[in-house]
2 protein chains.
Amino acid sequence: MEARGLGNPALLAEVAGAPADQAPADQAIEQWTAILGANHVIVDERNRTAAETATFATTQTIPAILRPASRDELQECIRIANRFRVPVYPVSSGKNWGYGSRVPAADANVLIDLSRMNRILDFNEDLAYVTVEPGVTQRQLFAFLQDRQSRLWMDATGSSPECSLIGNVVERGFGHTPYGDHFAHVCGFEVVLPTGARVETGFCRFPDAQAGAVYRWGAGPTLEGLFSQSNLGIVTRMTIWLMPAPEHFEAFFFQCNREEQLAPLIEALRPLRLQGILRSTVHIANDYKVLAGIQQYPWQETKGETPLRPELMAQLRSRLKFGAWSGSGGLYGTRGQVAEAKRALRAALKGKVDRLQFLDDRRLAFASRFAKLYQFMTGWDLSKTLDLARPVYGLMKGVPTEQPLAGAYWRKKSVPPSSMDPDRDGCGLLWYAPIAPMEGRHAEVIAGITHRILLEYGFEPSISMTLITERSVACVISICYDRREPGQDDQAMACYLRLQRELTEQGYYSYRLGIQAMSEMNGSDGYRALVRAMKEAIDPNSVLAPGRYQPT
Amino acid sequence: MEARGLGNPALLAEVAGAPADQAPADQAIEQWTAILGANHVIVDERNRTAAETATFATTQTIPAILRPASRDELQECIRIANRFRVPVYPVSSGKNWGYGSRVPAADANVLIDLSRMNRILDFNEDLAYVTVEPGVTQRQLFAFLQDRQSRLWMDATGSSPECSLIGNVVERGFGHTPYGDHFAHVCGFEVVLPTGARVETGFCRFPDAQAGAVYRWGAGPTLEGLFSQSNLGIVTRMTIWLMPAPEHFEAFFFQCNREEQLAPLIEALRPLRLQGILRSTVHIANDYKVLAGIQQYPWQETKGETPLRPELMAQLRSRLKFGAWSGSGGLYGTRGQVAEAKRALRAALKGKVDRLQFLDDRRLAFASRFAKLYQFMTGWDLSKTLDLARPVYGLMKGVPTEQPLAGAYWRKKSVPPSSMDPDRDGCGLLWYAPIAPMEGRHAEVIAGITHRILLEYGFEPSISMTLITERSVACVISICYDRREPGQDDQAMACYLRLQRELTEQGYYSYRLGIQAMSEMNGSDGYRALVRAMKEAIDPNSVLAPGRYQPT
């Protein structure tokens, strides 16, 4: 193995306190290879370069990629990392697009790819849970449930079927069903600490505990929170709660033609969410977001100019028949409960939206068969709408889809390939995801700032607003571009920084941070000092994902 | 001030590493007095002895009681404790009956009574939350909401109106509404660390954060769990989410005449809870628990003998018209939703229960006025039932009540005083609260073990089972006795230890631990080592509540 196989051996050696010519990282590689076999210690340039590539500019190098197959192997890898003071950076499926993909927060981290640890360890139909390892993907769990003809639904995030379930939970991602706040619907973690020691959370730490998979808090301090958005441990097992398929499911879709309808819309939805009439997350997207779901950038209409101006956007809206704001959500329950929720929703949105449509399995099947006739009867161009609605409809029933991922190719000049890989394909994507109280005025302020800044920097102000809990809205703002266009990486990052500054000045902080934005973690001195003290206590050699969600 | 005012000054001095005759704790008392004033540094024997008294035998002494009025004063108290290495033990209202009341887990801790920190700091009717200090009681919040004619309901625990809200949340207590899992419905903690430093959780750590009171997780590691059931910090502020009063509320009460109906009952209720048809906790109590809610021990019928034998219990059941198992829960929603939930509940419980009754405000008012007529019409002795039902009905609407507290006087030979104080009045009470998966077989095993052991040790096997989450049951087993009866303290503790041993051998662990039971915390080595490392990092002088939820 060549020295360059370790990226920057001099730096690593310095960390280990050894002279540069002894290259302790070389020794680490040797020991890792002895444990994992040469096939699972990847040092070739092509693979390393791929892993060093995100959807925005990064400079971090990855000296090697380790692929342990089990928790024991992982623990051994971590112990070796400690022995030689080589920093390691774990990823589950590594599909953290828009936030850094697989790229470590700091330079010269050895990547630990957990995708081979992909067993479904436990499943209980009656108590409605599944226990998984970090390599288990959305697609895998969905197929598992289908195979068993389970009446349980998972909650899927609208990213890719190949995303890790655990990876998304520990990043506190969200989905579309009543279990949409992912981190609130899990328990019983097994964690490998930065020293290689193993810890279980909740009741799982007790021998033969009966309630380890059904009750989160356990006895004593509750530790799950420490291992989400952190560099304090690697989650190697987690129980994810599933929802029983309801007797009846119905989706709703609504549309507001004017931008200024957003605030009253949020005000109208909040009581329904607070009262449990709407039990799931509700997603609201602006016109730019919807258009990026329908097609790529309209290069012809714009004659190749960017960004897409609001005036042209308005024309496209009326031509393609979508609103300034479009929304969707699911109604879950008995037939009677769903009917009652429909009634309440209709009453609440009356005068607030320009269109409100309901869709269930029967109508979807019917409409798919008779789209033309339906259009004739109702004037609604159903086939196009159905193509758009079907994946969203599926997500509300926990069916993973690849469709939203195509949006990452928005600014590309060729169509998305059949096997999409935004990192490989030079898709530019930066996400900022501020949380706001569920009040119209906040939504309005965030939309306004986003609109102004993104257009100013030459990007389309694409926003979604998810009523993620009973009281809060998660806004996802996408800065979407083509990394192959010269200068765009810098321009996008400048735009991100400006957006972040203006939003945080107004008190809107992101619920999730990209690897380029970890300095946003800091906040007050007290929190910083506390997390730092815990990091030192838990990771004395600072080998685990240095810089990741770590205050400075 | 006399030396004995500090309990065991020699021990304290040793802790501080100073010779015994210098009594650093005396110096600490001097400095605390300078900060708080002499009125709020309590060293008189009567008050100390009262604070040293729980509902079971303890030996811990309390050298002094500090009563800070503000967070600043509290921080100063903690800094002084560090200066002189004097351990301190915080209580909010100190009403942790059955788990140790105000008595510290270790000897010679100075008590910090937070009841003067009782401000309601923020309130938002639209977003449905309130932000409180640790001294704010259930009664205070209820009155606050009434005064404002708020349409928000709090969740009350069935202990006492004088209980601290924060105290109950950090102990992870539970209540009766859809917000019954208290720890799941809070966010934005402010915490004073064992060093005196201040930390805020979630978004609250950021300047001017808008979403600090509405979104729990924030960005980066989530820390709330560290400060529940722990000795890692003192929670000095917390946002508690409130539920909007539903359009309609209806309570249900059911009864099973035979013990063996428990398992099928739980099986019938689980799908309703999982499907969100029952959105709140459901409480099921056995005959012994119900009887203790109606009256004190039947000394006459038993001719003074204890325990109350199952044969006599069966006679009392049929005379007083209650079942082997009695249950209650609430239905919340629109009129249509409640009607739909009633239908589903009736269908699910058909053949599983011997009686199922519904009660709403209208029927309660009507029944209260026409109880006799109603009895004539329905054969149901309403007035007695109403007396029992009213407080439970109120709890389901978030109305605190003192009624369940009277149960602590079960074995006393005189009636409960108008101002109840179980510690002062020698009420013996030990609680063990195992969590089980929501399956009939688990409930049956726990009920069986409890029945056998408690009767064997001479106590009544009083059990409640709360469907606390969608998948789990919290069982509360009461060992209730008269501390003034010689030998009963020892007998009760022996019973507790036997019960704990047999239940944990079967894998049923308590969700909450009394001060006498902290060794149950231990579990696996990994968890122990991790919590210990954090304790050392966060509390280097080990001044905060040593031993409390601390693995050994």
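The values are calculated or read from the model by the stated rules, or taken from the named source; none is laboratory data. Just so you know, these numbers come straight off a predicted model, no measurement behind them. Neighbour counts run over all protein chains shown; Cβ positions are idealised from the backbone, glycine included. Remember, those area values only see protein heavy atoms, side chains included, never the ligands or the DNA or RNA. Shrake-Rupley method; radii C 1.70, N 1.55, O 1.52, S 1.80 Å.
Descriptive notes on the structure:
- Accessible surface buried upon A-B contact (total; probe 1.4 Å; Å², nearest 100): 6900 Å²
- Peptide A:426-438, shielding by other chains (average Cβ, 10 Å cutoff): 3
- Loop chymotrypsin sites (Phe, Trp or Tyr not before Pro), the stretch B:242-299, which have at most 15 other Cβ atoms in a 10 Å radius of their Cβ (DSSP): B:W299
- Computed in the context of the full set of protein chains, the accessible area of the stretch B:284-347 at 1.4 Å probe radius has 49% of its extent on carbon or sulfur.
- Charge dipole (Cα centre; +1 on Lys/Arg Cβ, -1 on Asp/Glu Cβ; no other charges) of the stretch B:249-308 amounts to roughly 260 debye.
- Residue ranges B:200-208, A:418-426, B:55-63 sort as B:200-208, B:55-63, A:418-426 when ordered by packing (mean number of other C-beta atoms within 10 Å per residue, highest first).
- Inter-copy separations for B:R335, label at 7 Å along Cα-Cβ, nm, ascending: 2.2
- Where chain A is carried onto chain B by rotation, the Cβ closest to that axis, with its residue and distance in Å, is A:A537, 2.
- Peptide B:176-182 is shielded by partner chain Cβ atoms: per residue, an average of 1 of them sit within 10 Å of its Cβ.
- Rounded to the nearest Hz, the phi-derived 3J(HN,Hα) couplings of the stretch A:514-522 under the Karplus curve 6.51 cos²θ - 1.76 cosθ + 1.60 (θ = phi - 60°) are x, 5, 7, 10, 5, 5, 5, 5, 4, where x marks glycine and proline.
- Taking the chain by itself as reference, the stretch A:313-353 contains these residues with an accessible-area loss of 30 Å² or more in the full protein complex (1.4 Å probe, heavy atoms): A:T334, A:Q337, A:E340.
- Calculated label separations, B:G37, copies of the chain, 7 Å along the beta-carbon direction, nm: 7.6
- Along the axis of the charge dipole computed for the protein assembly as shown (Cβ charges of +1 for Lys and Arg, -1 for Asp and Glu, origin at the Cα centre), the listed residues A:G428, A:P63, A:S159 are led at the positive end by A:S159.
- Close amide H contacts of A:T466 (hydrogens built in the peptide plane, cut-off under 5 Å, sequence separation of 5 or more or a different chain): A:I284, A:A474, A:C475, A:V476.
- Averaged over peptide A:156-163, the number of partner chain Cβ atoms lying within 10 Å of each residue's Cβ comes to 0.
- Two-site label geometry, A:R139 and B:E505: point separation in nm, points 7 Å out along Cα→Cβ: 5.0 nm
- Placing pseudo-labels 7 Å out from each Cα toward the beta carbon at A:R424 and A:A529 gives an inter-label distance of 5.0 nm.
- Computed from phi, the 3J(HN,Hα) profile of the stretch A:350-358 under the Karplus parametrisation 6.51, -1.76, 1.60 (θ = phi - 60°) reads 4, x, 9, 10, 9, 7, 9, 10, 10 Hz, with x in place of Gly and Pro.
- With its label point put 7 Å out from Cα toward Cβ, A:T306 sits 8.0 nm from the same residue's point in the other copies, in order from shortest.
- Rounded tilt (10° steps) of B:24-36 against the dominant C-alpha axis of chain B: 70 degrees
- Of the solvent-accessible surface of the stretch A:43-177, computed with a 1.4 Å probe over protein heavy atoms with every protein chain present, carbon and sulfur atoms account for 42 percent.
- Distance histogram in 10 Å bins (all Cα pairs of chain A, percent per bin): 3, 17, 28, 27, 17, 7, 2, 0
- As a calculated quantity, the FRET efficiency between A:L320 and A:R346 at R0 = 22 Å, using C-beta atoms, amounts to about 0.30.
- Residue among A:T239, A:Q210, B:S462 farthest towards the positive dipole end of the protein assembly as shown, charges placed on Cβ: B:S462
- Using the Cβ of A:G448 as centre and a radius below 13 Å, the other residues enclosed give a net charge of -3, where K and R count +1 and D and E count -1.
- When +1 charges are put on Lys and Arg Cβ atoms and -1 charges on Asp and Glu Cβ atoms, the dipole computed for the protein assembly as shown relative to its Cα centre reaches about 3260 debye.
- Over 30 Å between alpha carbons, listed pairs B:K95/B:K397; B:K412/B:K535; A:K303/A:K352; A:K321/A:K342; A:K352/B:K397; B:K95/B:K413: B:K412/B:K535; A:K303/A:K352; A:K352/B:K397
- Here the Karplus relation 6.51 cos²θ - 1.76 cosθ + 1.60, evaluated at θ = phi - 60°, turns the backbone of the stretch A:364-373 into coupling constants of 5, 5, 4, 4, 4, 6, 10, 4, 5, 4 Hz, with x for every Gly and Pro.
- Neighbourhood net charge (10 Å Cβ-Cβ; Lys/Arg +1, Asp/Glu -1) for A:D361: +1
- For the protein assembly as shown, accessible area per residue (1.4 Å probe, heavy atoms of protein chains only), Å²: 36 Å²
- Annotation for the stretch B:475-506: trypsin sites (Lys or Arg not before Pro) lying in DSSP loop with at most 15 further Cβ atoms inside 10 Å of their Cβ are B:R484.
- A Cβ-based charge dipole, computed about the Cα centre of chain B with Lys and Arg at +1 and Asp and Glu at -1, lands at about 1660 debye.
- Taking amide H positions as modeled 1.01 Å from N, with prolines and chain starts lacking one, the residues under 5 Å from B:R355 and 5 or more places away or on another chain are B:Q255.
- Taking label points 7 Å from Cα along the Cα-to-Cβ direction, A:E456 and A:S383 give a separation of 4.5 nm.
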